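Enquirer: Handing you a structure now.
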Amino acid sequence: MIAFITGGTGFIGSFLAQNLVEACHQVHCLVRQTSSLKWLQNLPVNYLYGDIFSGEALAEALRDATHVFHLAGVTKELTNAAYFRANGEGTRAMLEACSRHAKNLERFVYVSSIAAAGPSNGKQPVTEAEAPHPVSVYGKSKHAGELACAEFKARLPITIVRPPIVYGPRDRDVYEYFKQVKLGIRLRPGRRERWTSMIHVHDLVRGIIAAGTHPKAAGETYFLTNPQPYEWNQLGIAIANAMGKKTISITVPEAVTPAVAAISELVAKFTRKPALLNFDKIR
């Protein structure tokens, strides 16, 4: 395999690069001049400096690529347009570049998000057969990337994967929730049960590689997650018990959770830190 990875300097992408290198595959990573290479610097990977809109500059790196793993995108931005620019238009730009230059391409894997599908209506998780109904701007922008994939499916062998909440070493988002619990606080949006899906980064990376190599995966969309969902309040209790911390549960009333989520997401945009409560979580 000759792999080309976008988003390779990030949490998930760096583990993907590491896993592919350990499997003796050749790895090329698209990196920005401002990107930190701390998780890649000890790996024998090739760097192409640019971004997903570099167009013709990607030609040489894509020419020999057999597999493209597109992970680049944003989870926190200041404007709605910025979300769609990175996650929607950026995915389209990569698909266009592959269509023009990746003549040896065996698989294009788009790492979307469970947010693109939208939340379930209860404890039963959504399935791949259900029509997407994203509720957050982030989810809608990732769905825009999926729609771009649909436009290119006749020209390229594409597989879409939708991870849920991802945790593990190098993570910063879920880590913020651990820090909150360590302070003795468990924020609970409303009194009814709220279920979420999670996956460890190592399991996710194995799933991404399988999506890129299994002969029957082309043209398919997959949720990559643990089979067992987690109830949000019980998850907080389990984390507290593992830490040996006593916590208090702060319930945000149902009537005000949308307002709190809106404020939390606004703060997250400006601080570039994850929102502990957002629209995906309350719905």
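The values are calculated or read from the model by the stated rules, or taken from the named source; none is laboratory data. Predicted, not measured: the structure shown is a model, and the values here were computed from it. All Cβ positions, glycine included, derive from the backbone under ideal geometry; neighbour counts span all protein chains shown.
Enquirer: When the range 54-73 is examined, which residues are found to be more than 18 Å from the chain's Cα centre (by Cα) and not in a helix (DSSP H, G or I)?
Expert: S54, D64, A65, T66, H67
Enquirer: Give me the strands (runs of 3 or more DSSP E) completely within the range 146-247, filtered to those with at least 1 residues that are in contact (Cβ under 8 Å) with a residue 40 or more places away in the chain, ordered by residue number.
Expert: 158-162, 165-167, 185-189, 221-223
Enquirer: I've got another one for you. Tally time: how many residues in the range 216-254 are farther than 19 Å from M198 by Cβ, surrounded by fewer than 12 Cβ atoms within 10 Å (Cβ to Cβ) and out of contact with any strand residue (DSSP E or B) (no Cβ under 6 Å at 6 or more places or on another chain)?
Expert: The number of residues fulfilling the criteria is 5.
Enquirer: Out of all the residues in the range 120-142, is one or more without any contact (Cβ under 8 Å) to a residue 60 or more places away in the chain and among the aromatic types (F, W, Y)?
Expert: Scanning the range 120-142, I find no residue that is without any contact (Cβ under 8 Å) to a residue 60 or more places away in the chain and among the aromatic types (F, W, Y), so the answer is no.
Enquirer: Moving on to the next point. crowded, with 16+ Cβ neighbours inside 10 Å, in contact with a strand residue (DSSP E or B) (Cβ under 8 Å, 6 or more places away or on another chain) and on the phi > 0 side of the Ramachandran plot, is that true of G7?
Expert: yes
Enquirer: Identify, from the list P157, P163, the residue that is assigned by TED's automatic domain parsing to the domain that holds S112, of a type outside the set (D, E, K, R) and surrounded by fewer than 20 Cβ atoms within 10 Å (Cβ to Cβ).
Expert: P157
Enquirer: So, one more: Any idea which of C29, C98, C24 is exposed (fewer than 15 other Cβ atoms within 10 Å of the Cβ) and at pLDDT 95 or above?
Expert: Residue meeting the stated conditions: C24.
Enquirer: When residues of the range 207-243 are filtered for being out of contact with any helix residue (DSSP H, G or I) (no Cβ under 7 Å at 6 or more places or on another chain) and closer than 16 Å to C149 by Cβ, how many remain?
Expert: Number of matching residues: 6.
Enquirer: Something else: What are the residues in the range 108-144 that are part of a helix (DSSP H, G or I) and not β-branched (V, I, T), if any?
Expert: A115, A116, Y138, G139, K140, S141, K142, H143, A144
Enquirer: Ok, one more. In the range 149-181, what residues are modelled with pLDDT of 90 or more, of a type in the set (D, E, K, R) and within 16 Å of L235 (Cβ to Cβ)?
Expert: D171
Enquirer: Collect the residues in the range 240-257 that are aliphatic (A, V, I, L, M) and modelled with pLDDT of 90 or more, keeping them in residue-number order.
Expert: Hits for the range 240-257 are A240, A242, M243.
Enquirer: Which residue pairs have Cβ atoms closer than 7 Å, lie 6 or more positions apart in sequence or on different chains, and pair a first residue in the range 27-51 that is in contact (Cβ under 8 Å) with a residue 60 or more places away in the chain with a second residue that is buried (at least 16 other Cβ atoms within 10 Å of the Cβ)?
Expert: Listed pairs, sorted by first residue: W39/T9; W39/S14.
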